[in-house]
Amino acid sequence: MAGSGRLGVRMGRVTRTIAPIAIAAVGALASANVSAQTLNDALNNRARGGDSRLLVEARDIVYDNDKNTVSAVGNVELYYQGRVLQADRVIYDRKTQRVTAIGNARLTEADGTIVTGDRFELSEDFKNGFINSLRLRQTGPQDGKIVTTRFTAPRAERTNGETTVFEAGTYTACEPCAKDPERPPLWQVKAARIIHNNTERTIYYENARLEFAGVPIAYVPYFSTPDPTVKRKTGFLSPRYIANTALGYGVSTPFFWNLAPNYDLTVTPTFLSRQGFLGQVEWRHRLSNGFYNVRAAGIFQQDKEAFLPAPYGAREKTFRGSIETTGRFAINDKWNFGWDVATVTDKWFLQNYRVRSESLSSTYIKESISQVYLTGRGESGFFDLRSYYFKPLSYYDWQKQQPLVHPVLDYNKRFRHLGGIGGEVAFDFNFTSLSRDAAQFQQIPTQQLSLFNFSLPGNRNYNIFETCAVFQRGQCLVRGVGGSVSRATAQVSWRRDFIDPLGQVWQPFAFMRTDGIWQSPNTSRYQNANVANFIDTDADFFGRAMPGVGVTYKFPFVARTETWGTHIFEPVAQIIARPNETRIGRLPNEDAQSLVFDDTNIFEWDKFSGYDRVEGGVRANYGAQYTVTTDHGAYANLLFGQSYHLSGRNSFSKGDLANTGLDSGLETRRSDYVGRFRFAPNKNLAFTARGRFDEQDFNLRRIELQATGVVGPLSTSVIYARYDAQPQLGIGQRREGVLASGTLKLNDNWYVNGNVLVDLDQYLTDRTQWIATGQVGNKPDRFTVSTLGLGFGYTDECTTLQVVYTANFKNATTGTRQRDQTIMLRLELTTLGQATVTQNVSGTSSQDGISQ
């Protein structure tokens, strides 16, 4: 050994902690064998930044005096300042102070980034050097999930531990194929140079091309993206492409400005070939106890002829736009304050220009709802104060008939375990104040007159803003009174459960409710003067009181069998005694117009949906329910019952201004029967049926059927509903339809889905209209598709693809008069961005307010 100038030390596996430049002191290195605990202590110190020494683990240490090198051989591991270098052989050159790792080289950074290669040439602190056959893997959170990205290059240069330059590099967020790792990933970016700057946390690509399955599809001379560790970074976001008859072709290029960790600004210019420049801006600000944002959009239209004239469109408007703001703040752990406010120049702007809005209420009802609220919730009560502004976005609704709610207050407080009387005492308070400009009328039994009637070329007829031909009870309903109405309601109630030795449950209860109503009807302008035919417009205050007492009785029978599990049969009876309801039909009804008598409210003390009506008289409610639960997870429940008016005035037999209560199934002494059946054989399948049956002949008046299931790769839901005509409520024909949706997973990545809403009663309306207009030869279709959606998609760890076709057909509920068909394509490449293209494929656009 001495003659060759080479010293070999073999001591099993050598572990030693030394200073970086002292690795050449092999004698000291070979003379000690540090325990595993010493190694752990050294690593812990280094992770805390408190140790700048180098820790080496290897099978052999070889000192070459001629070359002035020290080599660690065999499963080598070097630990330094949070970095770990592993290789088959590591050579340290004392003269150049360079470290060379050869064979299965692997460098793990303190942040978890892993770099592998055939050969590393690094400085002694691992911050500078060259890497051959590099493979880098970096993991970090993005959009709520953990993303792993991968770089490869035949050679890379590392500078100051911050910048890595990949020559002829590739980048992808896709995992390599498990069966064939050499197979190209689903997508990758190949570039002449890829520069990863850790300080800027940015990846730069020069002369890059995007490949799918190894096939180049796009070339970009230069672009940059944030690395996976970045959550927010200033720069351009993914573009959005537009193709629309009324707007033309266009592209949106959002620019995100990260001003601070807690606030930012996004500016989105959109260039439209037919309408010009559409500008959008969004400001977001997060504070210590909440957040708020402000969004604005606007355009000076270049081709106004693309839209219908008023009141059917915004042809007369040169400038159109919107301003919205949303806020959510937690005052403390019980109180919250917030708002959703939106204002638009016209009701068609948001949908004409496809502007995103958080104020939209739902898919089927086109309405923008603004609100400001203050809420509080505790263990024994709640407080809810809100103001509402409703902006209808369909030409069927008139803004002047919409109420401005200023405000509505709900308060509830419960007191339990009271001494003496026991049970629970509840206090409820509601205050509602609202106003509207114009009264809203509806003709019964069928609508035949509108305020505006207009025809356009192409047989497009518009009849909007319903009204009455004769303003009298029995021929006309008042859906809303012009002017202002306020009501305050306070109720105190008590209930307590008693269980006797037989297991019978007795629940006596009592309540006292008082109402104060203030009204100031507006009898000028529009058709407001006709309200005087229904109510006393000179009176400004009314009072009302409703006390009540009653008892609810239940007697559950429980049985247990080894085969069928647990069975519970429970008869239920309830009786409530109250005086008659007063001033029926002489007070406005704003919040209690929706009355559905079914299994959910048969045992309610007051079956009205709001406070403007209060149930009176003596009434008995009775029924029974049966429940079975098996040991294998199956569940079934059956409920059936009826209500009986014993004495006094039946609140449901005399209509108010909106005829609420009539055609409800409660207007006769013996109500209709109501029932519900639920069955779930396992956790993947469920079936629910509920219905209302005529009390005389048991004819079906109302039925709802719903089935949901997950069977292997298929998940689906089907809902069928059929409701009888309610002519006294202005619904002259039955309503019937089917809504079905489903998703089929073809494999772990691919899926297809769809949904369809089938209108089974539209033909009745069409037939009536055709007969009225003399088109007796036409035969309407029995089935009408109202909405249809079909799509397929692909998703994995690096790619999301969606293709969706949607169609909205003639439907009064949505406000769509003609066919509207759209195809949407969305492609997202994880860490690179996403692109969305929406194309209207209708022969003519049917969005509200569009003429062609």
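The values are calculated or read from the model by the stated rules, or taken from the named source; none is laboratory data. The structure presented is a predicted model; accordingly, all values stated were derived computationally and were not measured. Cβ: placed from backbone, ideal geometry, glycine included. Neighbour counts: every protein chain shown. With ligands, DNA and RNA removed, areas are computed over all heavy atoms of the protein, side chains included. Shrake-Rupley method; radii C 1.70, N 1.55, O 1.52, S 1.80 Å.
Brief remarks on what is shown
- Elements of type strands (runs of 3 or more DSSP E) contained in the range 306-386, each with 2 or more residues being without any contact (Cβ under 8 Å) to a residue 40 or more places away in the chain and more than 23 Å from the chain's Cα centre (by Cα): 319-330
- Failed item, numbered, when Gly754 is tested on (1) touching a residue at least 60 places away in the same chain (Cβ under 8 Å); (2) of a type outside the set (D, E, K, R); (3) over 23 Å from Val596 (Cα atoms): (1)
- Restricting the range 120-159 to residues that are within 17 Å of Gly169 (Cβ to Cβ) and basic (Lys, Arg), the residue that is surrounded by the most Cβ atoms within 10 Å (Cβ to Cβ): Arg158
- All positions within the range 712-737 that are outside any loop (DSSP other than H, G, I, E, B) and either at pLDDT below 95 or of a type in the set (S, T, N, Q) (or both): Ser715, Thr716, Ser717, Gln726, Pro727, Gln728, Leu729, Ile731, Arg735, Glu736, Gly737
- As for the range 207-227, it holds at least one residue that is open to solvent by 50 Å² or more (accessible area, probe 1.4 Å), small (Gly, Ala, Ser), over 30 Å from Glu305 (Cα atoms) and out of contact with any strand residue (DSSP E or B) (no Cβ under 6 Å at 6 or more places or on another chain).
- Residues of the range 544-578 satisfying the condition of being of a type in the set (D, E, K, R), open to solvent by 40 Å² or more (accessible area, probe 1.4 Å) and modelled with pLDDT of 95 or more: Lys554
- Among (1) of a type in the set (A, V, I, L, M); (2) farther than 28 Å from His196 by Cβ; (3) open to solvent by 40 Å² or more (accessible area, probe 1.4 Å), the one test that Leu247 misses: (3)
- Taken together, Asp612, Asp598, Asp656 contain a single residue that is part of a loop (DSSP other than H, G, I, E, B) and either closer than 30 Å to Phe687 by Cβ or open to solvent by 50 Å² or more (accessible area, probe 1.4 Å) (or both), which is Asp598.
- Checked against (1) open to solvent by less than 30 Å² (accessible area, probe 1.4 Å); (2) closer than 30 Å to Leu308 by Cβ, Val341 passes all but condition (1).
- Among strands (runs of 3 or more DSSP E) entirely within the range 481-592, having at least 3 residues that are under 42 Å from the mean Cα position of the chain (by Cα) singles out 483-495, 505-521, 541-554, 565-577.
- Single residue of the range 66-98 satisfying the filter (in contact (Cβ under 8 Å) with a residue 40 or more places away in the chain and not in a strand (DSSP E or B)) that is nearest to Asp118 (Cα to Cα): Gln97
- Residues in the range 273-283 that are surrounded by 14 or more Cβ atoms within 10 Å (Cβ to Cβ) and either in a strand (DSSP E or B) or at positive phi (or both): Gly276, Leu278, Gly279, Gln280, Val281, Glu282, Trp283.
- Residues of the range 738-757 classified as part of a strand (DSSP E or B) and more than 30 Å from Thr660 (Cβ to Cβ), total: 13
- Every listed requirement among (1) more than 26 Å from Asp346 (Cβ to Cβ); (2) modelled with pLDDT under 95; (3) touching a Phe, Trp or Tyr at 6+ places or on another chain (Cβ under 8 Å) is met by Glu379 save one, (3).
- Per-region count, the range 250-272, residues open to solvent by 40 Å² or more (accessible area, probe 1.4 Å), touching a Pro at 6+ places or on another chain (Cβ under 9 Å) and not in a strand (DSSP E or B): 1
- Hits in the range 431-449 - residues which are part of a strand (DSSP E or B) and within 21 Å of Val470 (Cα to Cα): Gln440, Phe441, Gln442, Gln443, Leu449
- Summed over the range 65-89, the residues that are farther than 15 Å from Thr108 by Cα and of a type in the set (A, V, I, L, M) give a count of 3.
- Residues that are closer than 30 Å to Arg479 by Cα and out of contact with any Asp or Glu (no Cβ under 7 Å at 6 or more places or on another chain) were ranked within the range 728-744; the one that is most open to solvent (accessible area, probe 1.4 Å) is Leu739.
- Sole residue being aromatic (Phe, Trp, Tyr), under 30 Å from Thr799 (Cα atoms) and free of Cβ contacts under 8 Å to residues at least 60 places away in the same chain, chosen from Phe120, Phe151: Phe151
- Within the range 410-468, the set of residues being at pLDDT 90 or above, of a type outside the set (A, V, I, L, M, F, W, C) and open to solvent by 60 Å² or more (accessible area, probe 1.4 Å) comprises Tyr411, Lys413, Arg414, Asp437.
- Count - residues of the range 746-762 that are surrounded by fewer than 16 Cβ atoms within 10 Å (Cβ to Cβ) and in contact with a Ser or Thr (Cβ under 8 Å, 6 or more places away or on another chain): 2
- Test: residue in the range 99-115 that is crowded, with 18+ Cβ neighbours inside 10 Å, within 17 Å of Ile195 (Cα to Cα), at pLDDT 85 or above and out of contact with any helix residue (DSSP H, G or I) (no Cβ under 9 Å at 6 or more places or on another chain): yes
- Selection over the range 791-800 of residues that are assigned to a strand (DSSP E or B) and either open to solvent by less than 40 Å² (accessible area, probe 1.4 Å) or in contact (Cβ under 8 Å) with a residue 60 or more places away in the chain (or both) gives a count of 5.
- Residues of the range 168-197 satisfying the condition of being of a type outside the set (A, V, I, L, M, F, W, C) and farther than 20 Å from Ile114 by Cβ: Lys179, Asp180, Arg183, Pro184, Lys190, Arg193
- Residue count for the range 184-215, restricted to those that are touching a residue at least 24 places away in the same chain (Cβ under 8 Å) and farther than 17 Å from Thr831 by Cα: 6
- Residue in the range 228-237 that is farthest from Gly279 (Cα to Cα), counting only those that are within 26 Å of the chain's Cα centre (by Cα) and open to solvent by less than 40 Å² (accessible area, probe 1.4 Å): Pro228
- Unmet requirement for Glu121, which otherwise passes all of (1) under 14 Å from Glu109 (Cβ atoms); (2) modelled with pLDDT of 85 or more: (1)
- Residue match in the range 284-291 (condition: at positive phi and out of contact with any helix residue (DSSP H, G or I) (no Cβ under 8 Å at 6 or more places or on another chain)): yes
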